[in-house]
Amino acid sequence: KLPELKQSGNGYVISAGVSKYSSSSANSLKFSNCVNDAVAYAGFFQSQFASIEGGKSLKSYLLTDSVATKEGILNAINETISNSKPEDYFIFNFSGYCKPLSDSTGKKVTYFVPYGLKNIGDTNEVKAKSIPLTQLKDLLQLIPADNQLFITEAGSTDAFQKEFIQALINTDSTIAAL
């Protein structure tokens, strides 16, 4: 018999999905299910959290299409940084588009592209208005919640896994030891 599950802390869920990117007709980009996926993830974790005894609260940020801007995503992350505690749970999901670009040293960096770009084909605009994986990783590490889950359905690039793991290894000695 398994022991009864009890939550040790509150939950924070940020689920962002962009299916329709606003851009020029020459650079239009849309996906069929990114918004649906973001809604489904947020709903799933809300129902899972509610089914566990313990009376803890869940703060859920569902950011879809025009609400899933860089500012909206960063605000939700910053609110989670300010309000969560080590015993809490944090789940981040991004369903949308990501684009690999080279930084000033020539190293490939994955950019998560939120809603609000006028031209997805403009490298400078993508860099200015998107969230680089390195920045996202740094922000997620500032969240006090010890229990974290990162989900992405962002059409990850060939080097995404390697880039993400290398970013974690650079700052976490436990992962580096593996």
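The values are calculated or read from the model by the stated rules, or taken from the named source; none is laboratory data. Quick caveat, the model's predicted, so the values are computed rather than measured. In this analysis, Cβ positions are derived from the backbone assuming ideal geometry, glycine residues included, and neighbour counts consider all displayed protein chains. Heads up: the accessible areas ignore ligands, DNA and RNA and are worked out on the full protein's heavy atoms, side chains in. Shrake-Rupley method; radii C 1.70, N 1.55, O 1.52, S 1.80 Å.
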Exercise. Just order 86-92, 101-107, 9-15 by mean Cβ neighbour count inside 10 Å, highest at the front, would you?
Key: 9-15, 86-92, 101-107
Exercise. Can you send over the solvent-accessible area of residue 131, 1.4 Å probe, protein chains only, in Å² to the nearest 10?
Key: 10 Å²
Quiz item: Rule-of-thumb check for the range 48-105: C-alpha Rg over 2.2 N^0.38 Å?
Solution: 1.47
Quiz item: Of 30/56; 30/70; 30/108; 30/127; 108/137, which pairs sit farther than 27 Å apart, going by alpha carbon to alpha carbon?
Solution: 30/56
Self-check item: Kirkwood Rh (inverse of mean 1/r, distinct Cα pairs), the range 1-152, angstrom
Solution: 16.3 Å
Practice problem: Please list, in chain and number order, the residues 5+ apart from residue 17 or on another chain whose amide H is under 5 Å from its amide H, with Hs placed from the backbone. | Solution: 63, 64, 65, 95
Practice problem: Find how much the distance from residue 124 to residue 59 grows on full extension, using 0.36 nm per residue of separation minus their present alpha carbon separation; answer in nm with one decimal. | Solution: 20.0 nm
Quiz prompt | For the range 114-119, 3J(HN,Hα) per residue [Karplus equation, 6.51 cos²θ - 1.76 cosθ + 1.60, θ = phi - 60°, Hz, x = Gly/Pro] | solution = x, 6, x, 7, 7, 9
Quiz item: Along the Cα-to-C-beta direction of residue 22, a point sits 7 Å from the Cα; which residues of the range 111-136 have their amide N less than 14 Å from that point?
Solution: 114-120
Self-check item: Residue-by-residue Karplus 3J(HN,Hα) for the range 124-134, coefficients 6.51, -1.76, 1.60, Hz, glycine and proline x
Solution: 5, 5, 4, 5, 6, 10, 10, 10, x, 3, 5
